[in-house]
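Have a look at the structure below before the remarks.
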Number of protein chains: 4
Amino acid sequence: MAGNTFGQVFTVTTFGESHGVALGCVIDGCPPGLPLSEADIQPELDRRKPGTNRHVTQRREADCVEILSGVFEGKTTGTPIGLLIRNTDQRSKDYSDIAQSFRPGHADYTYWHKYGIRDYRGGGRSSARETAARVAAGAIAKKWLREHFNTEIIAHVTQIGEKSIAFESYTYINDNPFFVANHSQIEELEQYMDSIRKACDSIGAKLHITARHVPVGLGEPVFDRLDADIAHAMMSINAVKGIEIGAGFDSICQKGSEHGDELTPDGFLSNNAGGILGGISSGQDIHINLAIKPTSSIATPRHSIDIHGKPVILATHGRHDPCVGLRAAPIAEAMLALVLMDHALRQRAQNTDIRVETPEIARHHPIAPNT
Amino acid sequence: MAGNTFGQVFTVTTFGESHGVALGCVIDGCPPGLPLSEADIQPELDRRKPGTNRHVTQRREADCVEILSGVFEGKTTGTPIGLLIRNTDQRSKDYSDIAQSFRPGHADYTYWHKYGIRDYRGGGRSSARETAARVAAGAIAKKWLREHFNTEIIAHVTQIGEKSIAFESYTYINDNPFFVANHSQIEELEQYMDSIRKACDSIGAKLHITARHVPVGLGEPVFDRLDADIAHAMMSINAVKGIEIGAGFDSICQKGSEHGDELTPDGFLSNNAGGILGGISSGQDIHINLAIKPTSSIATPRHSIDIHGKPVILATHGRHDPCVGLRAAPIAEAMLALVLMDHALRQRAQNTDIRVETPEIARHHPIAPNT
Amino acid sequence: MAGNTFGQVFTVTTFGESHGVALGCVIDGCPPGLPLSEADIQPELDRRKPGTNRHVTQRREADCVEILSGVFEGKTTGTPIGLLIRNTDQRSKDYSDIAQSFRPGHADYTYWHKYGIRDYRGGGRSSARETAARVAAGAIAKKWLREHFNTEIIAHVTQIGEKSIAFESYTYINDNPFFVANHSQIEELEQYMDSIRKACDSIGAKLHITARHVPVGLGEPVFDRLDADIAHAMMSINAVKGIEIGAGFDSICQKGSEHGDELTPDGFLSNNAGGILGGISSGQDIHINLAIKPTSSIATPRHSIDIHGKPVILATHGRHDPCVGLRAAPIAEAMLALVLMDHALRQRAQNTDIRVETPEIARHHPIAPNT
Amino acid sequence: MAGNTFGQVFTVTTFGESHGVALGCVIDGCPPGLPLSEADIQPELDRRKPGTNRHVTQRREADCVEILSGVFEGKTTGTPIGLLIRNTDQRSKDYSDIAQSFRPGHADYTYWHKYGIRDYRGGGRSSARETAARVAAGAIAKKWLREHFNTEIIAHVTQIGEKSIAFESYTYINDNPFFVANHSQIEELEQYMDSIRKACDSIGAKLHITARHVPVGLGEPVFDRLDADIAHAMMSINAVKGIEIGAGFDSICQKGSEHGDELTPDGFLSNNAGGILGGISSGQDIHINLAIKPTSSIATPRHSIDIHGKPVILATHGRHDPCVGLRAAPIAEAMLALVLMDHALRQRAQNTDIRVETPEIARHHPIAPNT
């Protein structure tokens, strides 16, 4: 299977470049009968879209989604759902410098070597703009999961550069331009981001994603473990360089007597596992951390080479996010939704007959979300 | 596709449980003409096999591999390669306590809920014993990669619990029971591991994997990026809770002017990318770190429940690795080999025609292996 | 993988319903560097499009294709190619009778039972209108195959009902509304089709497809044999009820000494195999026959039931092809092109290294195309 | 996905050559809880195995199956089922003539060109011996289908060469060496087959396969239609050159008013569809016909070339079936079982929620099985 399809049963195939005609995707395998209209998808796109404040790229895109198929009289029919988002603000600027040279830290170099041709306008297919289609698809998965299991998926930024951000409340996340669950550090973050931008530089970030009310039993060992598919999904997002599930890298220093989450009839006593045991969801909350590198397109001049191997000094001007991690929150939510939905369908394919009559233990142990 | 097949073109399908009749796999899509015999595979299995020293499980398995098909007159034929490893040291001990209860931190609980039935003998399919088949398959991929690109893949343990292990030389890795690239700390580590074992406990570890001489151009964006497939592969290994590529979580605090690896006609000036840009290999060395949790089966009594939801106190006796991270080195190497080989074949499927005439820049920048 | 994607390396994912907003597809895995514009695709769509003469449905659709992505400066980039065809002639007629009842021989009944919901407007997803997207994708595969191997793919109708059509010349196929390789029987066929239409009935047809200049070695036994994938592709076309490769059903009465095509240094002496031996292309011409059933939507009143199980008498009015087999010619060509292209890429994935130095035997043995 | 795996959710990956060490397969995605032992599989293998009478190859193989994994305490666990069949009667005869030359009508020529290497012993992977693994896997699918839906799958030979065989009763099929549903023509067929064998020749055959009690709703349009996947499965069997569903090639001469099966509250009035409408099972019996070519390995001398392109005269001695169609009956049953089971699981993946409350119409219309 070519690399632009994600999922096995609930599949999403995306297309589109940063400065091409349009972006979009085809979603196949969606269960029929789900009420769906553009109004279910647009709000997620609006959360991700550029140009909404000074801390993100100033490109102005309506990111207006059109459902092309798969919905009849307001409900999904089980046939493929085509989604289309037209690009509207592709500037006719001169990309000739980037066209001939490779930005340090950017996919320019590898796309050129892999394909021998490269749509250099705005990064082409390697642009994070591609993720709009994922967010649109994820909105459908989110809705289905919510309706079936009351599943909630929430991402928030927990660190920007050296700035750790205290968790205050999930309710704040959509009220600030940084996707932080915090109210009191906003001014500090604004000043920090302003300083980065003025320095013609960019900065990394850390993202936490959680899912609540995940049914037990999702994941297909040994290779398509739920955590393995989550890692695949997250690492497929532009700029992600690291991922942790549950205790993550802290597990290295833990002893077994500390790490292994004890069970009682009232529930688990901890959640070092991050909601996944042996590659299968346990019903506890899923906890994920992502490391997101700084944007590679910066206005600071840097050493590079051109396509002929000659040395050049390259500074990338144009409209770029100084912290690509900020807008990653809705993208990471979408990818997690795609994984969970696909696995929910895969699980019932093989195991519909299963009805384990074990008394359900209470699952939700209060774990600090920043863990 | 069900969850026990890995890869798209070079595929590995594994089977077998810890205490079943046998383990094995079918490798499909292997290019014909590769010289192959059991002697190419057995050394890798020997590196992974249990019982070789006091710091790993004392189960004694020869892990003797038999090639069942796909090889004729000493060469692969392009048809599926069947590999078989019979289990020989499945003890007829009484598993009745584990059969009815869930070990904290173990897959017992989730397998039970997912499938409604569970082969509790030695963890069944959830046992790390399953990885023997991966190592066997990986040996074939390693050989092909070496013959085609001179690719080398090396894993070593860089931390056990709180003990950081200094990198001295790759040559030491196979000379000690800890898979460390170190000569001078062995005694310290032996004492540390002895103390863990005596305390009836277990401990986590950190693993570094590198690949050298990786051809440029491997990876299939946007979903099957090389790093995404590596993350999938690594997180599918038992006990892995975190993964980093290149600078990993250090990227969070980096600025773009620091993270983005500059290029010169003589090569890259750094390798924060870890050899992958935009999801495609750059030709630089690939660098990966893994966080591996402590073994969940420990002899320390812990709270748990049985399959009826009743509270129990559970201590797991038997033969278990006190640090499952140690033997993960050959497994992680195997998984990386599977990913690279699959992507090498995928790359030439789509892009055989491509011959980019850019002067090749020197790629190997000396990067400290523990980064 | 959900059912609306075809292919393994060169993949096509289609979407769209007969009376929905649009049809289209995403083509992934296309090699980069192929010159491509709408002008390469539109002529194939024009061959298939409805309303061009009185013997096909009178629906008027421009079937105008728009390339949304994957092409830059006139060449494919290796990234997904999005294609869009907007519907323009969806009549606002009353479908209420069909909405509640099942047309005999139609997918109405099974879609209803499978999905519990059905877009009854013009057959929804089960309409042959869906094949426009396949034809568009096939045009790209055809072009690539032609440029790489000089492969030609030609389909023509060899029988309509009881009327066998003599093969005269391939040059006639596009000059008549019946896709027949015949000049002298056109008037006879026009009268025959007029009589069918006037009788408010429909009729079956037989289609022959050939491919010339197919490289030797395509096909992935044991399951993805080239003939197996062709059978899959052809039987996925609406209304196809039978398929033959080479001698097909005539093989039943053949002896081995008659069927097995002898080889000489100058080439094969016959082509009972139809160009495929052991599931792998031999380099000879591929020969395929299809049986296509009569259109199920006819104006003759017939017995049926409604969705409540009550008996009804149903006559389907509206715009339908009296012989759906006629327009199947470009569709079958497209599907064969998709199979061959996918297998060409799969072949080089595994076997790029292979250079068999056997003297090539001349391959093209003159076989009557109607065999 | 490489070509030796069949299915999407219930997958079968086979390996093994005619004269290699062993044959076998891995079955992934099997629902847990199915009672299973070798005794469920062996009878199907015994039906297919060679050497049981003078009309088939005289090779003696016990075809004794061993379950290697996936079953615990007599039930499937949901983990992969490994099956192993060791070869025991590989004669050490001299294959040197075949090793250097290509048998007319055989896969020799194409395997050589595809892979550049060929296990010529007994045909290697291209031998029909490979199908033993399919039959073993199919036995599991058959059992599950029978337990869930009471599905029955029956294949029988309806024609050998010019000899049409009258349908008398299904009960006769396993009582004769020809897999015919006939009692009175056995002697005639024995004489006919004796004459073929004495003439050092072989002969084609026609096979009919039916499935009863197939649930409505199986099939994943537009590409993975049930009939398309059946066609794929059947054409993947060695020597199959044609396939029909329902009326098949007779559809060509049918009018819509004749072909379309009318519905009444008491059931369908005919079954030209062969149990599949729009690519989805209708609940009626599925009817399939296959054309099977004569064995290509015959003792009659024929023209061919060697691997250097030189002309040779080749007569194949050794142990071969004079009518490969005979033993195809259990193989075709197995392949149909694999398709139906995979689609049953795929159906419930997407559509578990669906409960159509339409009154079920009686489905089983008596259709002559030879249609």
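Tabulated data
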| item | result |
| --- | --- |
| The lone exception for B:G105 - which of (1) within 12 Å of chain A (Cβ to nearest Cβ); (2) closer than 30 Å to B:M341 by Cβ it fails | (2) |
| Test: residue in the stretch C:49-64 that is in contact with a helix residue (DSSP H, G or I) (Cβ under 9 Å, 6 or more places away or on another chain), closer than 29 Å to C:V339 by Cβ, among the hydrophobic types (A, V, I, L, M, F, W, C) and buried (at least 24 other Cβ atoms within 10 Å of the Cβ) | no |
| Cβ-Cβ under 7 Å pairs, at least 6 apart or on other chains, the stretch B:337-353 side farther than 14 Å from C:Q8 by Cα, far side modelled with pLDDT of 95 or more and of a type in the set (S, T, N, Q) | B:L340/B:T151 |
| The lone exception for C:H259 - which of (1) buried (at least 24 other Cβ atoms within 10 Å of the Cβ); (2) touching a strand residue (DSSP E or B) at 6+ places or on another chain (Cβ under 8 Å) it fails | (2) |
| Residue match in the stretch C:7-17 (condition: at negative phi, crowded, with 24+ Cβ neighbours inside 10 Å and aromatic (F, W, Y)) | yes |
| Candidates D:R121, D:R91, D:R103, D:R134, filtered to the one that is at pLDDT below 95, basic (K, R) and in contact with a strand residue (DSSP E or B) (Cβ under 7 Å, 6 or more places away or on another chain) | D:R103 |
| Residue, surrounded by the most Cβ atoms within 10 Å (Cβ to Cβ), within the stretch A:94-107, restricted to residues that are within 23 Å of the chain's Cα centre (by Cα) and more than 17 Å from B:L218 (Cβ to Cβ) | A:G105 |
| Residue in the stretch B:1-18 that is more than 24 Å from B:M193 (Cα to Cα) and away from chain A (no Cβ under 14 Å) present | no |
| Criterion violated by B:W112 - all others in (1) more than 24 Å from the chain's Cα centre (by Cα); (2) under 23 Å from B:R48 (Cα atoms) satisfied | (2) |
| The lone exception for D:I186 - which of (1) closer than 30 Å to C:H308 by Cα; (2) more than 14 Å from every other protein chain (Cβ to nearest Cβ); (3) of a type in the set (A, V, I, L, M, F, W, C) it fails | (1) |
| Whichever residue in the stretch B:108-122 is more than 7 Å from chain A (Cβ to nearest Cβ) and part of a helix (DSSP H, G or I) and, among such residues, is surrounded by the fewest Cβ atoms within 10 Å (Cβ to Cβ) | B:R121 |
| Answer residue from the stretch B:123-145, given it is over 25 Å from B:P43 (Cβ atoms) and not charged (D, E, K, R) and is farthest from the other protein chains (Cβ to nearest Cβ) among those | B:G123 |
| Residue satisfying all of: in the stretch C:49-74; outside any loop (DSSP other than H, G, I, E, B) and closer than 22 Å to C:A334 by Cα; nearest to the chain's Cα centre (by Cα) among these | C:V65 |
| Residue in the stretch B:29-41 that is modelled with pLDDT of 95 or more, within 14 Å of chain A (Cβ to nearest Cβ) and either on the phi > 0 side of the Ramachandran plot or not in a loop (DSSP other than H, G, I, E, B) (or both) present | yes |
| In the stretch B:211-228, the residues that are more than 7 Å from chain A (Cβ to nearest Cβ) and either surrounded by fewer than 23 Cβ atoms within 10 Å (Cβ to Cβ) or of a type in the set (D, E, K, R) (or both) | B:R212, B:H213, B:P215 |
| Members of the stretch A:62-85 that are in contact with a Lys or Arg (Cβ under 6 Å, 6 or more places away or on another chain) and at pLDDT below 95 | A:D63 |
| Flag if B:V26 is in a loop (DSSP other than H, G, I, E, B), surrounded by 21 or more Cβ atoms within 10 Å (Cβ to Cβ) and of a type in the set (A, V, I, L, M) | no |
| Subset of the stretch A:170-207 [touching a Leu at 6+ places or on another chain (Cβ under 9 Å) and either surrounded by fewer than 23 Cβ atoms within 10 Å (Cβ to Cβ) or part of a loop (DSSP other than H, G, I, E, B) (or both)] | A:N176, A:P177, A:F178, A:F179, A:V180, A:N182 |
| Residue match in the stretch B:286-299 (condition: without any contact (Cβ under 8 Å) to a residue 60 or more places away in the chain, of a type in the set (A, V, I, L, M, F, W, C) and under 27 Å from A:T158 (Cβ atoms)) | no |
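So that you can scan it fast, the table gives a plain yes or no per residue for (1) at pLDDT 95 or above; (2) among the hydrophobic types (A, V, I, L, M, F, W, C); (3) surrounded by fewer than 17 Cβ atoms within 10 Å (Cβ to Cβ):
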position	(1), (2), (3)
C:V324	no, yes, no
C:L340	yes, yes, no
C:I354	no, yes, no
C:A368	no, yes, yes
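The values are calculated or read from the model by the stated rules, or taken from the named source; none is laboratory data. Quantities reported herein were computed from a predicted structural model and do not represent experimental measurements. When we count neighbours, we look across all protein chains shown, and the Cβ atoms used for this are built from the backbone with ideal geometry, even at glycine.
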